[in-house]
Amino acid sequence: MTLTPNQRLTPRFLESLIVLFGLAACNQNISSHGKSYGGPTEAYVRLPSSLVTDKFVDASGFIQDHIHSEHYAFGYLQKAVLDKLPQTQQQLITELNNYEWTHFPHDLNTLRRLPDTETTGDYEEFHDFAAMTADLEQTATRFPEITYLEPGGLSVQGRELWLMKISAHAQRNDQRPKILLIANMHGDETVGRELMLYLIRMLTQGYQHDERITRLVNAAQIFIMPSMNPDGFELGQRYNARDVDLNRNFPDFVSDPHDTPANRAPETQAIMALHASHHFIMALNFHGGEVCFNVPWDTKSNARKSERFGDDGLLRNIGRQYADLNATMRVNHSGSFDHGLTYGYEWYRVKGGMQDWSIFYRESTHATVELSHVKWPSAAHLPRLWDENREGIIRYMEQALVGMHLHVVDRSGATLHQVNVRSSGHDRSSGNERTIHYASGVVHRPSLTQMQTLEISAPGYKSETLNISPWQFTGSNYRELVLSKD
């Protein structure tokens with residue numbers, strides 16, 4: 001690296017060099033439990049935020065990480081690309097030790113490791129794949145009436161993407177609202193994996209003992225995938241076992257508008273198949289490296305209200321509630337974060353993300369939660385992180401039950417199919433009414449509590465317009481709507 005005169009005279013630049021070479025020396029033999037961290041072809045780097053434009057990202061393949069500060073961005077660059085960047089850009093980029101930054105808190109400006117001051121009582125260690133499988137199987141055996149453990153697909157290395165369904169009469173696939181929670185799609189972002197196991201225990205052990213949990217389990221079908229990337233977890237890396245970033249691997253409606261599973265990672269294909277089998281009206285996925293609630297869009301600007309996600313008002317309302325319930329999230333007010341709430345693209349652009357795909361192509365209402373500043377913290381942090389997020393997760397699921405719940409039939413009382421519901425109201429993005437298609441005439445349309453206007457139609461039938469206020473679904477309190485033939 002060639003230094004300019006100005007760089008030689010800058011104390012901060014000299015400090016960065018010291019830290020860089022110190023970490024580089026540590027980089028040679030970093031491992032944990034016999035597993036290597038960080039591939040030989042990729043660098044984990046810090047660079048000025050001003051350098052990270054869409055043009056730079058598209059040209060370099062830079063994958064921005066969740067960690068960021070006012071002046072710096074962090075992420076992944078292929079070393080071959082890094083070596084070919086103009087010298088003026090290389091001089092602005094600091095290569096870091098990925099294991100260090102995944103497992104320990106750091107000062108983002110000086111790059112120094114910070115002390116980990118977490119103290120707690122009893123806690124569980126992280127579950128590897130075998131322990132996670134045993135935990136899920138034990139729960140399914142203990143609560144057979146309200147759980148159904150099924151394989152959600154296979155990873156590259158043949159591990160099951162376990163999917164736990166929790167619902168009254170869980171072995172039946174009925175028409176109650178379906179909610180999906182997915183964690184650990186980046187293998188080294190591990191907190192969500194553990195919180196999903198805690199959530200499964202709370203829902204199963206609280207059923208018939210806690211009125212609120214019993215009401216939720218009776219009214220909804222809850223699908224929980226603790227680990228979408230079990231290979232990545234076992235390898236201690238972000239990517240799957242073929243070095244694919246699963247949150248850049250979905251069809252992107254802007255840059256890759258082909259909704260097909262062909263040539264995608266098996267884990268991605270598994271999630272696409274899952275959505276083909278179930279219409280999830282509400283979904284959350286959990287990451288780490290920041291603490292915030294991320295709402296769509298990730299792949300395009302949200303600056304103009306007319307271009308935002310149709311249920312922008314609904315998700316922002318839920319996201320605001322989630323962030324306010326989380327003490328750490330609530331005080332996060334830097335950059336694009338509004339006390340823990342952010343639009344995805346305005347934070348940083350993601351192409352091929354799961355959140356936007358499931359909304360655009362599968363008509364879900366999907367948000368992303370960043371759970372912890374450190375991706376793979378000491379397990380001593382887990383009880384606190386569970387306490388900070390438990391109420392927000394429960395309220396998110398409860399919101400799926402507030403809305404319009406219709407049974408659309410013909411004059412003989414037979415359920416219609418291919419029903420379309422176009423909605424507008426106070427919680428819709430300005431000028432962006434949203435139409436959702438239902439394969440069955442059983443309609444669950446989450447909404448806030450204000451009056452809504454619904455236009456309901458089905459092929460061969462006259463459409464009906466309703467002015468209707470949302471209500472809490474209890475499992476059977478549908479409103480029947482009869483459509484007449486054209």
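The values are calculated or read from the model by the stated rules, or taken from the named source; none is laboratory data. Keep in mind that what you see is a predicted model, and the values were worked out from it rather than measured. Positions of Cβ are generated from backbone atoms using ideal geometry, with glycine treated the same way; all protein chains shown enter the neighbour counts.
Remarks
- Members of the range 312-335 that are out of contact with any Asp or Glu (no Cβ under 7 Å at 6 or more places or on another chain) and surrounded by 18 or more Cβ atoms within 10 Å (Cβ to Cβ): Asp312, Leu315, Arg316, Ile318, Gly319, Tyr322, Ala323, Met329, Asn332
- Flag if Glu234 is in contact (Cβ under 8 Å) with a residue 60 or more places away in the chain, among the charged types (D, E, K, R) and either touching a Pro at 6+ places or on another chain (Cβ under 6 Å) or surrounded by 22 or more Cβ atoms within 10 Å (Cβ to Cβ) (or both): no
- Any hit, the range 243-265, residues being in contact with a Leu (Cβ under 8 Å, 6 or more places away or on another chain) and assigned by TED's automatic domain parsing to the domain that holds Ala134: yes
- Among the strands (runs of 3 or more DSSP E) confined to the range 78-184, the ones with at least 1 residues that are without any contact (Cβ under 8 Å) to a residue 40 or more places away in the chain and within 24 Å of the chain's Cα centre (by Cα) are located at 147-154.
- Residue within the range 372-379 that is among the small types (Gly, Ala, Ser), without any contact (Cβ under 8 Å) to a residue 60 or more places away in the chain and surrounded by 24 or more Cβ atoms within 10 Å (Cβ to Cβ) present: no
- Within the range 282-311, the set of residues being more than 30 Å from Leu108 (Cα to Cα), touching a residue at least 24 places away in the same chain (Cβ under 8 Å) and surrounded by fewer than 24 Cβ atoms within 10 Å (Cβ to Cβ) comprises Lys305, Ser306, Glu307, Gly310.
- Screening Arg242 with (1) of a type outside the set (Ser, Thr, Tyr); (2) over 21 Å from Leu401 (Cβ atoms); (3) part of a helix (DSSP H, G or I) gives one miss only, at (3).
- Test: residue in the range 396-417 that is at negative phi, out of contact with any Pro (no Cβ under 8 Å at 6 or more places or on another chain) and modelled with pLDDT under 95: yes
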